[in-house]
Amino acid sequence: MIAHPHKPVGTRKQQQKDETRVLILETARFLFAEKGFEKTTIREIAARAGIGLGTIFNHFKGKDSLLAAALYEDVEKNLERAFNTLPEKASAPDQLLHIARSFYTYYARQPLLAKSYLKQVMFLDGEWGEVLDEQIRRFLESVASLLRKAQERGEVAPDTDCDIAATAFFSHYIFILITGLKQAEFRPDHAAEQLGYLLTPMFPETGPEDR
């Protein structure tokens, strides 16, 4: 059973358990970002967090689970921030670029962590694989909903399948993230500009020069 991120509630014992889980994740995230996933060991995470090795395994099955949990939380926080600050009166392309730029900016600050997420978690199986797949599904539904509203405003062609368009947007976003992280420096604004060009066929009335 996977323990999803949540705020400490209930008994003091449960609060301590939740606080320990947060400590483990924060420490793992720090080391993954500093050294990379492959060079970080569970023993090192335990030592840095000041807890026993067994305590980590009481919460997570291993490094893959730790990385997946960290990714899940980071994505949830960034999605909440991106959608809460979504410019409501902006065009659909600008709204999509706002969401993408939020993630590009986050990953640009922690390129080693971003590379670990992409390399280790993208094809993860098991319970965490299912959790992350569900997270992506919810994200695609949110993007499709945004596109349907744009369709009602006449920004998207009436015959466009918004579910497929949402998947296309996500595919373009991931492609640019991967190619950007391969460069010496990942530049969020440049990545967003590239994404804007790839989105042009979806919004023929608003080309990149209009954004």
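When the test is whether a residue is more than 18 Å from the chain's Cα centre (by Cα) and more than 24 Å from H172 (Cβ to Cβ), F57 passes it. Of Q110, Q95, Q151, all but one fail to be surrounded by 17 or more Cβ atoms within 10 Å (Cβ to Cβ), farther than 22 Å from I176 by Cβ and either at pLDDT below 95 or out of contact with any Lys or Arg (no Cβ under 7 Å at 6 or more places or on another chain) (or both); the exception is Q151.
So which residues in the range 51-69 are assigned to a loop (DSSP other than H, G, I, E, B) and exposed (fewer than 13 other Cβ atoms within 10 Å of the Cβ), if there are any at all? G52, G62, listed by residue number. The number of residues in the range 33-50 being assigned to a helix (DSSP H, G or I), surrounded by 14 or more Cβ atoms within 10 Å (Cβ to Cβ) and modelled with pLDDT under 95 comes to 2. Candidates are the residues of the range 119-142 that are free of Cβ contacts under 8 Å to residues at least 60 places away in the same chain and touching an Asp or Glu at 6+ places or on another chain (Cβ under 9 Å); the one that is nearest to G36 (Cα to Cα) is V121.
Being surrounded by 15 or more Cβ atoms within 10 Å (Cβ to Cβ), over 14 Å from the mean Cα position of the chain (by Cα) and of a type outside the set (S, T, Y) is not true of D125. The numbered conditions (1) under 19 Å from the mean Cα position of the chain (by Cα); (2) farther than 30 Å from K61 by Cβ; (3) not hydroxyl-bearing (S, T, Y) are all true for D163 except (1). Cβ-Cβ distances below 9 Å connect the following pairs, each with a first residue in the range 163-190 that is under 11 Å from A108 (Cβ atoms), a second residue that is among the aromatic types (F, W, Y) and surrounded by fewer than 19 Cβ atoms within 10 Å (Cβ to Cβ), and a separation of six or more residues or different chains: P188/Y106.
Looking only at residues of the range 155-210 that are assigned to a loop (DSSP other than H, G, I, E, B) and in contact with a Pro (Cβ under 6 Å, 6 or more places away or on another chain), we find that the one that is modelled with the highest pLDDT is F186. Screening the range 70-92 for residues that are buried (at least 17 other Cβ atoms within 10 Å of the Cβ) and in a helix (DSSP H, G or I) and picking the one that is farthest from the chain's Cα centre (by Cα) gives A92.
The values are calculated or read from the model by the stated rules, or taken from the named source; none is laboratory data. Note that the structure is a prediction, hence the values are computed from the model and not measured. As a convention, Cβ positions derive from the backbone with ideal geometry for all residues, glycine included, and neighbour counts pool all protein chains shown.
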